[in-house]
Structure formats: C-alpha cells, structure tokens
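Undergrad: One structure follows; several queries about it will come next.
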Amino acid sequence: RRLKMKMKLDAIVARAVRSGGNAACVMKYAGVSAAAARAFFPPVLKNSQSLPPMHRGLVIKSRPSLFPKPPMLPRATPGLARSAMHAPLSSSIKHEGVGCDDAVAGTQAKGYYDMSNETLMLFCATGDFAARKERLLREIMSVDQVSWDTAHDTLGQIDQDNNKNMWIFTLPYYSGIAVSVGAAFISIPLVFDLDTALWFNERFVTAEVADAKDLETWLEVGSWTWSWSEPVLGTVSFVLLALQFGRNQMVNLGARPYTASVKSWRAKRLCKAYPMYHPLILAEFADSDDYKSGKLLRETQAGYHAGHAKPWA
C-alpha cells in the first residue's frame, strides 16, 4: 500500500511540475490528506508553497523564477492621462541599463563580409544573392589561398562565364515584353479612335461601317469596333488563362517550366567549368544570378568592392 501511494504521488508530482504547480496542487490531485502526504513525503511539502518546484525523484527543490515580476504601474486616472498628454517630449526619467552598449555597437556587422559562416548560410537559404556571392568569395579564398580583394577578380570571371550566350535564352522574355507592351498601347486607339479603326477595318476586317450619327463620340466608336475586336481579345485572354493553368499543373507534377530549366542547365554548365570549387556553392550562385553578363567584373574593376559602396559588398 505504501509503494502504491508513493508511485501515485510521484506521478502527480511530475504532472504538477509540468503544469507549474506546487505542493497544494500535488495534494489536490493525489486525493490524499495532508497528514498522509507529510508522513510519506516530508520534503515535498516543505518550502514549496510559492516557488515553482524542480523534480528530483522523491524530493522537490525550489528554484527562483526566470521571469521576475514587473514593477507595479500607477493606476490610470483622468488627471494622470491629461498630464501625460501635455507632458514635454524630453523626460527627466533615466532608464538605467537600457540601450545598446558602445562595444556592441562598434562590433556590429557592416555587411555580408562581416557575417559568420553560420549566419551567411541562413541568408543563403532564403535565396539572397549577396549572401551567396559572399559565400562563393570565401570558397575562392579557401581553395585558391588568396585574399578577399583578389577573390573578386575570379568572381567576376565566374559571373561572366555564367552569363555567356544567355541572350539567346532570354529572347522569349524580351519578345514577350515587346509584344505585351505594344499590344497594350495599340489596343486603345484600335478600339476608340475613329481614324485608326477605319484604317484597320479597311485593310484587315472589311466590316460594314456604322452610320455617321453612331460614330460621333469615342464611346460610340468603341461600341462599333467591339463587334470585331471582342473575338480576338477574348480568344487571347482565354489562351493566356489556359497556358497559365497548364503551367501550374506542370509545377504540381514537379516538372520544370522554362525558367527553372534554363537556370538548372546554367548551374550545371558552371559547375563543369569550375570543378575545383564546391558544386553546391556554384549552383546556388548561378541560380540567383541575373542575366547581365560581366556586371560583377565591371564593378570589381571600378573598385566598388574595396570601398563597399555597393549594397552587395
């Protein structure tokens, strides 16, 4: 019977410790009297009424709280609120121990080059190009045994090789920009300008022109041109919607659309060109790099990396 009661109280003590309880909580959930608990476990009920317990088998030792009680604030009254509203901005109250220490402020990181390797890895995981560039710089320093400034020359050459002949793969992007912007601006006069609509109708549509009284305003012109503009605009909108839906299904299946495929191919090409460096570091750099060839090399030659004038430095 004594063994069963010990096991029961020990389990309740563990539950009370997890819930932040005390000796009173132990007796409440144990279902035994205080006299019986004191008879079996005298240390349990001594000096453990206020502080959270720390379980040590059959003995509970008290420890101070990690979160001290906040100071009592004065009760808000209408007079206190009015005085706070009209109080000056500069206060004579001094906050002891509040603020940054001068030593801490002097040692803060000024850029990615001041970060530790662990912190740099966290930024690289988010796809930060500047962090991945700095990581590749440190890889070059480690492998080639060169300084940070000298490693920028190799980094510029890697960036130039990474974007070699990329203008061919970016032609669809530039073509899409030109076609979409041009179509956006051309569609406005084709629908609402009478002279442009008449010219386009004469050469491409050959539809019956509306009466002159129905073409007096630009809204009436749009109502006439919409009869043969609506099928084209509606079809183009549906084609774009269907292509977007198809692309989303490709992503759901794990297939790589055009941009992801190009970046993957470029990363593999860069790893083959520089096998002396870690392929993961090169692949991350190639994935987040843009398509502007020679940008980092020009910035290195201009001396931006020495004075840290650029945000990527």
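Undergrad: Within the set of pairs 6 or more residues apart or between chains, which connect a residue that is within 25 Å of Gln244 (Cβ to Cβ) inside region 255-272 to a residue that is of a type in the set (Val, Ile, Thr) with Cβ atoms less than 8 Å apart?
TA: Pro257/Val251
Undergrad: Which members of region 229-244 meet the condition of being in contact with a helix residue (DSSP H, G or I) (Cβ under 9 Å, 6 or more places away or on another chain) and open to solvent by 40 Å² or more (accessible area, probe 1.4 Å)?
TA: Of the residues in region 229-244, the ones in contact with a helix residue (DSSP H, G or I) (Cβ under 9 Å, 6 or more places away or on another chain) are 229, 233, 236.
Scanning region 229-244 gives Leu233, Val236.
Undergrad: Now, a different point. Of all the helices (runs of 4 or more DSSP H) wholly in region 137-207, which have at least 3 residues that are aromatic (Phe, Trp, Tyr) and at pLDDT 90 or above?
TA: Counting at least 3 such residues, we get 171-192.
Undergrad: Is it true that some residue in region 283-291 is at pLDDT 90 or above, in a helix (DSSP H, G or I) and open to solvent by 60 Å² or more (accessible area, probe 1.4 Å)?
TA: For region 283-291, residues at pLDDT 90 or above, in a helix (DSSP H, G or I) and open to solvent by 60 Å² or more (accessible area, probe 1.4 Å): present.
Undergrad: Do we find that Leu219 is farther than 30 Å from Asp161 by Cβ, among the hydrophobic types (A, V, I, L, M, F, W, C) and modelled with pLDDT of 90 or more in this structure?
TA: yes
Undergrad: While we're here: Which one is nearest to Trp199 (Cα to Cα) among residues in region 254-274 that are modelled with pLDDT of 90 or more and open to solvent by 40 Å² or more (accessible area, probe 1.4 Å)?
TA: Lys263
The values are calculated or read from the model by the stated rules, or taken from the named source; none is laboratory data. Keep in mind the model is a prediction, meaning the values are calculated, not measured. Note that we place each Cβ from the backbone using ideal geometry, even for glycine, and neighbour counts take in every protein chain shown. For accessibility, only protein heavy atoms count, side chains too; no ligands or nucleic acids. Shrake-Rupley method; radii C 1.70, N 1.55, O 1.52, S 1.80 Å.
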